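K.L.:
Before anything else, here's the structure in question.
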Amino acid sequence: MYLILRFGNHGEIPLFITDNQFLKELAEHLPVKSKAVRWKEEYYFETPIEFRGRERLQVNAGDVAYWRPGKALCLFYGLSQPYSPVSIVGEIIGPLYLLKEVEDEEVEVLLEGEKSEGDGLVEKLRSEGFKAVRRKWQGYPSIALTARLPGNAERRIGFDIYEEDFGYAIETDGITKYDECSGQATLYAMKAVKNDLREKFNFRELEAIRVDINEDNYVCLSSFTEEKDKLPTLLKIMASLYAYLLDYLVGFSL
């Protein structure tokens with residue numbers, strides 16, 4: 001089930017709840033209004049839910065978890081790990097870097113259900129295996145989307161798709177905060193990675209993907225297509241390219 005988390009004056013963070021038992025208990029209390037607090041690279045907020053699932057000490061960026069001692073729902077968006085065991089109950093949909101831009105203070109949140117019945121584009125993307133939800137962030141509408149890499153369910157890549165009258169602009173999650181050094185390093189790595197992938201992907205589609213800077217000053221990958229039917233293929237190539245690029249950059253820095 002998809003949910004929308006309205007995050008202060010910033011906008012909407014879509015979630016997808018995968019634990020059916022947790023969802024059953026949560027559904028009885030929606031909407032949930034609370035205060036979200038940042039702790040390292042995690043935001044958490046108290047809920048009226050008392051739940052005990054399969055607990056663990058390790059999470060991945062993008063996980064949504066339940067923390068029993070605080071009856072809290074936790075959004076992990078970076079490297080930090082939980083203070084004590086948590087139960088993974090879902091995932092964040094879309095780019096994670098947005099949560100880094102929220103002030104380091106308590107933020108009012110509202111958690112409620114999301115409905116996309118009759119939304120042709122969202123339904124098409126979901127039918128292609130993507131998690132997709134319309135949302136607004138800082139007043140800008142987009143489709144937040146998460147792709148999983150084939151054969152590696154833990155590798156998630158977040159996207160925003162901006163739907164215009166003349167086509168579809170696509171941006172990945174932020175790779176790193178932009179400065180001249182990081183921008184040049186990513187551009188150099190992109191050229192090397194593209195050379196390695198020319199046999200795997202269609203040349204024209206590969207060349208349609210660029211190293212770019214988003215409006216929040218993060219290095220990302222971007223593309224554009226006028227054709228709705230090309231979105232699924234383009235998104236899958238961008239997801240693979242993003243993962244290859246990130247691995248290349250991490251290996252290069254080591």
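K.L.:
Say each of Glu112 and Asp196 gets a label point 7 Å from the Cα, pointing the same way as Cα to Cβ; how far apart are those two points in nm?
P.N.:
Those two pseudo-labels are separated by 4.6 nm.
K.L.:
Work out how far the C-alpha atoms of the stretch 151-221 reach from end to end along every principal axis, then list the three figures in whole Å, largest first.
P.N.:
Computed over the Cα atoms, the extents are 33, 32, 28 Å.
K.L.:
Also, I was wondering about something else. What stretch of the chain, leaving out the sites themselves, is the longest with no chymotrypsin sites (Phe, Trp or Tyr not before Pro) in a DSSP loop having at most 13 other Cβ atoms within 10 Å?
P.N.:
Working: sites that count: Trp39, Phe166.
Formally, the longest exposed-site-free interval is 40-165.
K.L.:
Sort all Cα-Cα distances of the chain into consecutive 10 angstrom bins from zero, then give the percent of pairs in each bin up to the one containing the longest distance.
P.N.:
Once binned at 10 Å, the Cα pair distances of the chain give 7, 31, 35, 21, 6, 0.
K.L.:
I've got another one for you. Tell me the carbon and sulfur percent of the accessible area for the chain, rounded to whole percent, probe radius 1.4 Å.
P.N.:
47
K.L.:
Still on this structure, I have one more. After finding the eigenvalues of the alpha carbon gyration tensor for the stretch 25-95, what semi-axes result from the square roots of 5 times each, listed largest first in whole Å? Numbers along the way, then the final one.
P.N.:
Numbers: eigenvalues 64, 38, 27 Å².
After diagonalising the Cα gyration tensor, the semi-axes are 18, 14, 12 Å.
K.L.:
Could you tell me the ratio Rg/Rh of the stretch 37-178? Both radii from Cα atoms, Rh via Kirkwood.
P.N.:
0.97
K.L.:
Hull surface divided by four, with the convex hull built on the Cα atoms of the stretch 1-54: how many nm²? Can you show the working numbers first?
P.N.:
Numbers: hull surface 17.6 nm².
Over every viewing direction, the Cα hull of the stretch 1-54 projects on average to 4.4 nm².
K.L.:
Using the reciprocal of the averaged 1/r over all distinct C-alpha pairs, how large is the Kirkwood radius of the stretch 195-244 in Å?
P.N.:
Over the stretch 195-244, the inverse of the mean reciprocal pair distance is 11.6 Å.
K.L.:
OK, next. From Cα coordinates alone, what are the radius of gyration and Dmax values for the stretch 128-254 in angstrom?
P.N.:
In order Rg, Dmax, the Cα atoms of the stretch 128-254 give 14.2, 44 Å.
K.L.:
So with the 1.4 Å probe, I'd like the accessible area per residue for the chain, rounded to whole Å².
P.N.:
52
K.L.:
Test of understanding: given the chain, find the longest segment containing no trypsin sites (Lys or Arg not before Pro) that are in a DSSP loop and have at most 13 other Cβ atoms within 10 Å.
P.N.:
116-197
K.L.:
Sticking with this structure for a sec: Computed over the Cα atoms of the stretch 122-175, what is the ratio Rg over Rh, Rh following Kirkwood?
P.N.:
Computed over Cα atoms, the ratio is 0.99.
K.L.:
Can I ask one more? At Ile213 and Gln184, where each label point lies 7 Å from the Cα along Cα→Cβ, what is the point-to-point distance in nanometres?
P.N.:
In this crude label model, Ile213 to Gln184 measures out at 1.4 nm.
K.L.:
How tilted is helix 231-253 with respect to the longest principal axis of the chain? Cα atoms for both, answer in degrees (0 to 90, nearest 10).
P.N.:
90
The values are calculated or read from the model by the stated rules, or taken from the named source; none is laboratory data. These figures come from a predicted structure and were not determined experimentally. All Cβ positions, glycine included, derive from the backbone under ideal geometry; neighbour counts span all protein chains shown. Areas reflect the complete protein model, heavy atoms only, side chains present, ligands, DNA and RNA absent. Shrake-Rupley method; radii C 1.70, N 1.55, O 1.52, S 1.80 Å.
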